[in-house]
Amino acid sequence: MHFRRNPEISWPLEALILEKNGVKLINPLVSYAFKVTCSAPQPKDLQDIAQLSHWLGQHSE
């Protein structure tokens, strides 16, 4: 799967959805890539970016 806003970003389709405790979720990295490349982020997008940035900081190796 390629990210339309930046074709250099791609990931396997099976990495798009994560499953945690039986609940399927969109991979937070995909959400982050989508929101940070938005040309006109809305206030909710900025809140999401802050939360995803915090999550990424906690889960980076």
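The values are calculated or read from the model by the stated rules, or taken from the named source; none is laboratory data. Nothing here was measured: the structure is a model prediction, and the numbers come from that model. For neighbour counting, all protein chains shown are included, and Cβ atoms are generated from backbone atoms with ideal geometry for every residue, glycine included. For accessibility, only protein heavy atoms count, side chains too; no ligands or nucleic acids. Shrake-Rupley method; radii C 1.70, N 1.55, O 1.52, S 1.80 Å.
A few notes on this one:
- When the residues of segment 4-36 are filtered to those that are among the aromatic types (Phe, Trp, Tyr) and open to solvent by 60 Å² or more (accessible area, probe 1.4 Å), the one that is modelled with the highest pLDDT is 32.
- Members of segment 21-54 that are more than 21 Å from residue 10 (Cα to Cα) and either among the basic types (Lys, Arg) or touching a strand residue (DSSP E or B) at 6+ places or on another chain (Cβ under 6 Å) (or both): 44
- The set of residues in segment 37-50 that are under 11 Å from the mean Cα position of the chain (by Cα) and at pLDDT 85 or above comprises 48, 49.
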